[in-house]
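Working notes, beginning with the structure itself.
The values are calculated or read from the model by the stated rules, or taken from the named source; none is laboratory data. Predicted model, so just to flag it, every value in this text is computed and none were measured. Virtual Cβ from ideal backbone geometry, glycine too; neighbours counted across all protein chains shown.
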Amino acid sequence: MNRRPVIRTATFRPALTEAQWQVLRWLPFAFASLFSIVMSAMAPDGRRAFQIDWSLTMDALEFSIGKAPHISACAVLGLLGMMAAGMRRWHVALALTVATGAAWELCQTTVIGHYARLSDLAPDTLGGLLGCMLGAAVLWTIEDWKRERG
């Protein structure tokens, strides 16, 4: 009778399908986008009448283009979108990032203390482009690393 403990090798787990990998790649972008939209819709000071500033004058664009929170948040979303979409579909990542920025503006239309501006989509687009470029650099680095390792 064998008194040694039986050591079992790791159990085999089937690999994920391509569809499952696609869902997993999009989850960080989806959660970050939904969380940011919910946070922008919160109204701790109450609500007001629906109002959007539709002006796209140079003064409005100059005021909006320097908004660092818009640029940085959209850069992160653009990066997450690029990780999900890949380099060949960078336009999908950018479009979804700008759509998230548009959703922020729609959510802010009735929030006291926040002002929805069409011109705020300019820093959102800039941040999305920066995030997509950073995502492309990361993906190129990963692909190069994979090629070197075989």
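Restricting to the stretch 63-117, count the residues that are part of a helix (DSSP H, G or I), more than 24 Å from Pro44 (Cα to Cα) and of a type in the set (Gly, Ala, Ser).
Total meeting the criteria: 8.
Select from the stretch 39-93 the residues that are among the hydrophobic types (A, V, I, L, M, F, W, C) and in contact with a His (Cβ under 9 Å, 6 or more places away or on another chain) and write down the one among them that is surrounded by the most Cβ atoms within 10 Å (Cβ to Cβ).
Result: Ala85.
Of the residues in the stretch 19-39, how many are of a type in the set (S, T, N, Q) and either modelled with pLDDT under 95 or more than 19 Å from Ala102 (Cα to Cα) (or both)? Walk me through it before giving the result.
Looking only at the stretch 19-39, we keep the residues that are of a type in the set (S, T, N, Q), and these are 20, 22, 33, 36.
Retained after the next criterion (residues that are either modelled with pLDDT under 95 or more than 19 Å from Ala102 (Cα to Cα) (or both)): 20, 22.
Here the count works out to 2.
Return the pairs, sorted by first residue and then second, in which the second residue is surrounded by 15 or more Cβ atoms within 10 Å (Cβ to Cβ) and hydroxyl-bearing (Ser, Thr, Tyr), the first residue lies in the stretch 21-45 and is closer than 14 Å to His114 by Cβ and in contact (Cβ under 8 Å) with a residue 60 or more places away in the chain, the beta carbons are less than 8 Å apart, and the residues are 6+ apart or on different chains.
Close Cβ pairs (under 8 Å, with a partner that is surrounded by 15 or more Cβ atoms within 10 Å (Cβ to Cβ) and hydroxyl-bearing (Ser, Thr, Tyr)) amount to Ser36/Thr100; Ile37/Thr100; Ala43/Thr110.
Kindly check whether there is at least one residue in the stretch 136-150 that is over 29 Å from Ala49 (Cβ atoms), of a type in the set (S, T, N, Q) and surrounded by fewer than 17 Cβ atoms within 10 Å (Cβ to Cβ).
Looking through the stretch 136-150, at least one residue is over 29 Å from Ala49 (Cβ atoms), of a type in the set (S, T, N, Q) and surrounded by fewer than 17 Cβ atoms within 10 Å (Cβ to Cβ).
Cβ-Cβ under 6 Å, sequence separation 6+ or interchain: first residue in the stretch 97-119 and in contact (Cβ under 8 Å) with a residue 40 or more places away in the chain, partner of a type in the set (Ser, Thr, Tyr) and surrounded by fewer than 19 Cβ atoms within 10 Å (Cβ to Cβ). Which pairs?
As it stands, the answer is Ala116/Thr109, since those pairs meet every condition given.
When you look at Ser55, is it in a helix (DSSP H, G or I), at pLDDT below 95 and closer than 17 Å to Ser119 by Cβ, yes or no? Steps first, please.
Working: in a helix (DSSP H, G or I): no; at pLDDT below 95: yes; closer than 17 Å to Ser119 by Cβ: yes.
Taking the combined requirement at face value, the residue does not satisfy it.
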